[in-house]
Amino acid sequence: MHGKIIFMTFCANAVSLARFMNFSADIGTVKGVGKVKAQYFHSLGVATVGELLRFYPRAYEDWSNILPIERCPIGENVCIKGTLLYPLKNERVRGGMLIAKGSVSDGDSIVSVTFFNNKYITSMLKSGEEYLFYGKITLGKYSAREMLSPMFISVKQSKSILPIYPQNQKITSRQIRSAVEAVLADKTEIPEILPPYILEKYSLVSLDTAIRQIHFPESSLALQNARNRLIFDELFILQLSLLRLKDANSTVKTENKVKIDYTGEFFRLLPFKPTNAQIKAVNAAISDMESGKQMNRLLQGDVGSGKTAVAAALVYTCAKNGMQSALMAPTEVLAVQHFETFSKLFQSSGINCKLLTGSTKQAEKNQIKESLKNGEIDLIIGTHALIQDDVEFDKLGLVITDEQHRFGVKQRTGLCSKGENPHVYVMSATPIPRTLALIMFGDLDVSVLDELPPGRQKTVTYAISSKKRGGMFDYIKSHLDKGFQGYIVCPLVEESEAVSGVQNVEEYYEKVKNTVFKDYSVGLLHGKMTPKKKDEIMADFKNGKIQLLISTVVIEVGVDVPNAVIMAIENAERFGLSQLHQLRGRVGRGTQTSTCILVTDSQGEDTVRRMNVMCSTTDGFKIADEDLRLRGPGDFFGTRQHGLPKLHIADLMTDSKILTETQELALEIIASDPDFRKTEHIKIGRQVIKKINSLQTPAAANTI
Ligand code: ADP
Ligand code: MG
């Protein structure tokens, strides 16, 4: 919606592109492509000339590094330059195969070349002429050097690095290369989108050079420059778009205005003194909500930093200002926990708080929906899906989503459009590395809880092998004997999922309950239980009836039982760093020193590194950075859905320098020329509109 508003501002400024290459021309119009091949190009997502030029090579054949035959390593792809010594002759051998053999000399040494089943080879390679050959050299009979089916080009051809495209069964890299070549034969300049002052400041090559060189680089330096330019464009336009979205969000007017700040009153309800970081975060959000504009804010904080209390302060203030709030949690366990925390906090304050989940009985559900509609309920807590459903509010002023890094810009904008512009407050579970946060949450204002509540003891972490499990059990027992509680986490739920050597929670539970821990009360928790059963178990653990909880990662997010001070994680090698950190965050929530024991027999380099990181730091932001380094952005959040937009050429890990540069520049431009009205920014503005549209619709288009 916002994209459209911006679009209208720009239309008047649109310039005609007629005298340039026609990027919107159908791919079928390219010389040598035609109707049939055009279909194949479509299967690669390439329908126009512009999209073809933005279809970048995945690798290159390097014909620029020419080696003397004598010095070529055997069995590796190499490029040699030599003269064909005598004419090739095709001979038919047994089985009907055609073979042509020849000799190539570089002046010092000779290599024999062999081609199979190529009728035309004899006319393609001429005796006495010089060619470049690319392929592997192997040793044949009597250790003679030979190249089988090498690729070749005439030395007269100037291109020395050739592109390899992501091909599919219908269309080969070579065919794509020819099409690109045909398009680029047109030497009309590809129009520049960046003004000279930016090109100069960041030493960028022109877009024309970048596009031509990314396909047919003259040298590896030229290729590097081309890549840098295109990466710059991609990250720059993306960040401008996110900032523009943020701008558009922050100018959305809302009736949901906080008139009186009640946070002081709320803080007196808390059983503890809020940290400075908590106060700062609350104040930032309150002043957003006082402004008459819609709040769109992210709260980042390490596990245990006290995000819930911040949320409660906002809910309290909204309720006292006559607005309803909705709090969405990713799991039922967490929704129930929040419900208990908030009900207790708000007990004597007259704030009406209700829980709505999949397991709420129908009659009660109807009752709750009714009271939500007529405004009797101040705070509704539930899972995401439920609140998005057919639930209606009387005056929804604030939507809080807890523990989510799973939703992208699109889902968030969806949220905003529900109801009459409620304020949006997003709380992230795991610290997110700066580089990723810029991209995922670039459209939000950010608050950070960079301070843990006082008195917290660091959790001591050890990694042990399974041989030491007996000692570990004794250690856990000694804690339970003192009245504390503990967790043991297993990766799998049941035996049927069995992977040899991996603990499943059901079997583990049965075993320890009847042996080592037979004198203790042991509980079992996993995601395949009914929500009701899960609630019962969690309630029993909270009130101390269960001393030791054997669980899967369902306890990963948010569960808060300060009396639990020891955790063992079985098959720790199966968890990513951020997940281990998140699990470990379930202990160390009181003033008692806690312990986390990572059990693993894996000696893999990667595992050892992860265990070392876990044992040496409890700083979530450091761990997140390391996790990102080890796994790369795509896997950072595991198999879960995450909010990262798809990037075409940039890599968030390796291109973080350009990411920072482009962010600074984007901020400057948005501050000085937010509507891209200056002549030098008009074309940038057009790219931004396209990007915003593609961020808000699932099928992102390649644009030029
Ligand atoms: P998270 O940020 O991981 O969601 P929680 O909001 O669950 O953390 O808070 C973790 C624990 O710290 C809770 O038991 C909470 O009551 C406690 N807590 C929060 N803020 C403070 C504070 N300022 N002083 C002392 N304890 C606090
Ligand atoms: Mg939490």
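Details
- Using θ = phi - 60° and Karplus 6.51 cos²θ - 1.76 cosθ + 1.60, couplings along the stretch 579-589 (whole Hz; Gly, Pro as x): 5, 4, 5, 5, 4, 4, x, 6, 10, x, 9
- 5 angstrom amide H check on Ile464, placed H, neighbours 5+ away: Leu598, Val599, Thr600
- The slack in the chain from Thr660 to Leu221, taken as 0.36 nm per residue of separation less the alpha-carbon distance, amounts to 155.8 nm.
- The amide H of Thr48, built 1.01 Å from its N in the peptide plane, has Ile27 as neighbours under 5 Å, considering only residues 5 or more places off or on other chains.
- Number of Lys-Lys pairs in the stretch 473-579 with C-alpha atoms under 15 Å apart and a separation of 8 or more places or on different chains: 9.
- Between Ala144 and Ile99, full extension at 0.36 nm per residue minus the direct alpha carbon distance yields a gain of 14.4 nm.
- √(5λ) per eigenvalue of the Cα gyration tensor, the stretch 87-216, largest first, Å: 40, 18, 14
- Sequentially through the stretch 67-74, phi angles give Karplus couplings (6.51, -1.76, 1.60; θ = phi - 60°) of 10, x, 3, 3, 9, 6, x, 6 Hz, Gly and Pro residues having no value and appearing as x.
- Projecting the Cα atoms of Ser359, Ala329, Leu314 onto the dipole axis of the stretch 282-367, where Lys and Arg carry +1 and Asp and Glu carry -1 at the beta carbon, places Ser359 farthest toward the positive end.
- For the stretch 91-153, the list of trypsin sites (Lys or Arg not before Pro) that fall in a loop by DSSP and count at most 11 other C-beta atoms within 10 angstrom reads Lys119.
- For the stretch 259-272, backbone phi angles converted through the Karplus equation (6.51, -1.76, 1.60; θ = phi - 60°) give residue-by-residue couplings of 9, 10, 7, 9, 5, x, 4, 5, 4, 6, 6, 5, x, 9 Hz, Gly and Pro being listed as x.
- Placed amide H near Val399: partners under 5 Å, 5+ positions off or other chain: Ala326, His423, Val424, Tyr425
- Helix 276-290 axis, angle to the chain major axis (alpha carbon atoms, nearest 10°): 80
- Cα centroid separation, the stretch 19-63 to the stretch 666-686 (Å): 30
- Shape index of the chain: Rg/Rh, with Rg the Cα radius of gyration and Rh the Kirkwood radius from the inverse mean 1/r over Cα pairs, equals 1.07.
- Candidates per trypsin sites (Lys or Arg not before Pro) in the stretch 324-388, loop by DSSP, up to 12 other Cβ within 10 Å: Lys361
Read-outs: derived from the displayed coordinates by stated rules, not from any lab. Owing to the predicted nature of the structure, the values given are computational and were not obtained by experimental measurement. Please note: Cβ atoms are built from the backbone with ideal geometry, for glycine as well, and neighbour counts cover all protein chains shown.
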